[in-house]
Amino acid sequence: MKVLNIAYYTILRNFRDYKTLTMMLLLPIMLILVLGSALGGVFTPNNISTTTICYLNEDKKLMSETLEEFLRSEEIAELIVIKSVQSREEAFALIKDNKAAALIVLPVGFSETIQKGEKVAIEIYNSKYSSFRASIVQSIMNGFISAANAQLVLRQLDGIPSAYKSFDNLQEISVTSEGNAPRSIDYYAVTMLVMTIMYGTSYGNFSLKEEKLQNTSIRLASAPVKYLEVVLGKLLGSIVTIFMQAMLIIVFTKVAFNVNWGGNILFIIFVCFSLTLLAVGLGMMVSNLGKNPQATGALLNFGVNIMTFIAGGYFPASQMGPAIDRLGFISPNYLAQQAMFNTIYGGSPIQTTNAMLAIWIIAAAAFIIAGSIERRSAN
Amino acid sequence: MQRQDKGQIILFGKNFDGNDSSIKKDIGIVPQDLALYLDLTCYENVTFFAKLYGLKDGLLKSRVQEALEFTGLWDRRKDLAKKLSGGMKRRLNIACAIVHQPKLIIMDEPTVGIDPQSRNHILQSVKELNRKGSSIIYTSHYMEEVEELCSRIAIMDHGKVIAQGTKEELKTFVTVEERIEIELSSINYTLVDNVKQVSGVKECTFKDNKLMVVSEKNSKNLSRIIDCIAATDVDILSMNIEKPTLETVFLTLTGRTLRD
């Protein structure tokens, strides 16, 4: 009961701290609106220009002719432009200069090996910085290989040689990104929600230190209440405060901006709760490592901004170059964003699970470190 | 709360190690620095601390009301603590400490920097709490407060108790002689000589119509001095017996060197 009493009054006081509340609620909502409007173009899918790929034919037999015919067909030509090269080196130089996105190599003996019914590989070299265009090449080659395998099976059954032939038997379906990819406001609603929760580190930072600052720690120490009860009450109060703020942001953005929070809102709430634990634990840990809560508070605020930036909170990290994109992995914001985006847009469940595990591991580590320092200082 | 360096703390007949909840529940602390949540109302502040002492339901409500009424803050119960004046904050500081009706109240300079009305209210409250049965350890640099309130006094200097006892006992530490100033209708040398003959009188002088008598400590000769005067045809207009104050005792014992 005493834990609940401490938690209740902590929450009450947190919600009366209008300065912090403004930062925790109004700021993210303003940022969602401003960034969502200003950077809308970044998230609008554009027409995809043709992709140049290098083609090195070392085989020069029947199957290579079939592949060439396929690659130069009218349908494929809308997506890719074939540039024949004489060597791998020539192709790599073009890829390095961003003049080509990938290299397709038909190795020597490709046709003969296929005709013998043995396995053989078409070599594809991608530029790691044009992953999207490389994926187009891979998709096209997968299409060809499927067709080639089908023809081989037919030939083995009937003995009738068959060449690649295009049939107009596909129904054209227009594909839309709506609901499958985030609009800018959807994107920023997630990243700013995550940022807000991470700003909750300040509650973890001040929750116990403020008792010393305002002398109420003397009263708490002289009251018939265990120190652990005080710590738990303060922690619970901080966690509930941040969690309620996160829920307010979700509800407000859904109602006011029609943000897409996906079909599994319970899991989104679970991510929020997990990140809240991490934020409070991190705040307490940093607070206990330092002596001056003002200084540790400033450090945490700065840290949250950096974490938000490298996780692509202000601008998608994938568009800020590979260095920033890679740095994102060290940010707790990135983990929570990944878990949320995967949940909302049907991404990889394995990635989501890994992200959640990482969040819980970091949170547990932060609490263990904070607790051990607290216990040492109490003794 | 500091742990003791050595020795034992015996409270209510029990050895107190600083953690015993059954002892803590009977102690109330009024720290020198305000220990309040400025963003909670008076009512919420007192309620919060009352709940830590296990008060609940009807008893909680009545005790909170009692504490706020006792400190004269019931009418301001809905105001945030930060909106109160310095004196009111001090009174709220006391309300938070007494809401659970402790047997022992430790007050550390509760009247520092407040207006005379609040100060007077606090001093009366301390007397009232004592009258209701609470023992009070009252720390102060204001000797007139100590003299008014305390039945037993300990003077501490540099963290050590250098003297303790009742105020009368403490005064005997510094008093070496007693001074009496008597205003008379007239003075003559015969009267002065007669007073000088009284046992214990060390010195008797006069200026205008005032007679100044210096006696040895505890000579208990006041009635005999008055008898001497009454034997002459002189009227006593006023009399002032100069006694040492606690201020004198304090300064004598601790010295006049400025403290940090």
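The values are calculated or read from the model by the stated rules, or taken from the named source; none is laboratory data. From a predicted model like this one, the values you see are computed outputs, not experimental measurements. Here the Cβ positions follow ideal geometry from the backbone for every residue, glycine too, while neighbour counts run over all protein chains shown. Keep in mind that these areas ignore ligands, DNA and RNA; they rest on the heavy atoms of the full protein, side chains included. Shrake-Rupley method; radii C 1.70, N 1.55, O 1.52, S 1.80 Å.
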For A:Lys116, list the aspartates and glutamates whose Cα falls under 17 Å from its own Cα; do not include residues on the same chain fewer than 8 positions away. A:Asp59, A:Asp158
Compare each residue of the range B:27-41 in its chain alone against the assembly with all protein chains, and report those whose accessible area goes down by 10 Å² or more; 1.4 Å probe, heavy atoms. B:Ile29, B:Pro31, B:Asp33, B:Leu34, B:Ala35, B:Leu36, B:Tyr37, B:Asp39, B:Leu40
B:Thr166 label point, 7 Å along Cα→Cβ, cut-off 11 Å on backbone N: hits in the range B:177-221? none
Would you kindly calculate the mean projected area, averaged across all directions, of the convex hull enclosing the Cα atoms of chain B, in square nanometres? 19.2 nm²
Looking at B:Phe206, A:Gln337, A:Leu208, which one has the Cα that reaches farthest to the positive end of the dipole of the protein assembly as shown (charges on Cβ: Lys, Arg +1; Asp, Glu -1)? B:Phe206
What is the sum of charges around A:Ile82, taking Lys and Arg as +1, Asp and Glu as -1, for the other residues whose C-beta is under 12 Å from the C-beta of A:Ile82? 0
Whole-Å distance linking the alpha carbon centroid of the range B:151-225 with that of the range A:272-287 is 71 Å
Taking every alpha carbon pair in the protein assembly as shown, what does the distance histogram look like in 20 angstrom bins from 0, in percent? 14, 28, 23, 15, 11, 5, 3, 1, 0
Cα-based reach from A:Lys99 at 29 Å (exclusive), listing lysines while leaving out same-chain residues under 8 positions away: A:Lys60, A:Lys61, A:Lys83, A:Lys128
Among the listed pairs B:Lys24/B:Lys127; A:Lys226/B:Lys51; B:Lys167/B:Lys196; B:Lys167/B:Lys217; B:Lys25/B:Lys56; B:Lys103/B:Lys132, give every one whose C-alpha distance is greater than 19 Å. B:Lys24/B:Lys127; B:Lys167/B:Lys196
Give me the distance between the Cα centres of the range A:75-118 and the range B:108-125, rounded to whole Å. 92 Å
Charge dipole of the protein assembly as shown built from unit charges on the beta carbon (Lys, Arg +1; Asp, Glu -1), centred at mean Cα; most positive-end Cα among B:Thr252, B:His141, A:Ala101 is B:Thr252
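For the ranges A:262-270, A:105-113, what's the packing order if you count other beta-carbon atoms within 10 Å of each residue, average per peptide, and put the highest first?
Going from most to least packed, we get A:105-113, A:262-270.
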For chain B, which whole-number percentage of the solvent-accessible area (1.4 Å probe, protein heavy atoms only) is attributable to carbon and sulfur atoms? 48 percent
Taking chain B as the reference, fit the longest principal axis to its C-alpha atoms, fit the long axis of helix B:57-70 to the helix C-alpha atoms, and give the angle between the two in degrees, 0 to 90, nearest 10. 30 degrees
Using only alpha carbon pairs under 8 Å that are at least six residues apart, calculate the relative contact order of the range B:65-130 and give it in whole percent. 37 percent
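Given a 1.4 angstrom probe, what's the average accessible area per residue across chain B, in square angstrom?
So chain B comes to 57 Å² accessible per residue, rounded to a whole number.
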Pairwise label distance in nanometres, A:Lys83 with A:Leu27, each label 7 Å out on the Cα-Cβ vector: 4.8 nm
Please identify every one of the trypsin sites (Lys or Arg not before Pro) in the range B:123-156 that sits in a loop by DSSP and has no more than 14 other beta carbons within 10 Å of its own beta carbon. B:Lys132, B:Arg152
Mean per-residue count of partner chain Cβ within 10 Å for B:46-52 equals 6
How much accessible area per residue does the range A:194-310 have, counting only protein heavy atoms and a probe of 1.4 Å, in square angstrom? 38 Å²
For the range B:67-175, the Cα-Cα pair-distance distribution in 10 Å bins from 0, as whole percents, is 13, 43, 30, 11, 3, 0
Of all accessible surface on the range A:223-377 at a 1.4 Å probe, what whole percent is carbon and sulfur? 73 percent
Evaluate the relative contact order of chain B (contact order divided by residue number), counting alpha-carbon pairs under 8 angstrom at least 6 apart; express in whole percent. 15 percent
Stretch B:Glu148-B:Lys103 to full length: gain in nm at 0.36 nm per residue minus the Cα-Cα span? 14.1 nm
Between chains A and B, what is the buried accessible area summed over both chains (1.4 Å probe, protein heavy atoms, nearest 100 Å²)? 2200 Å²
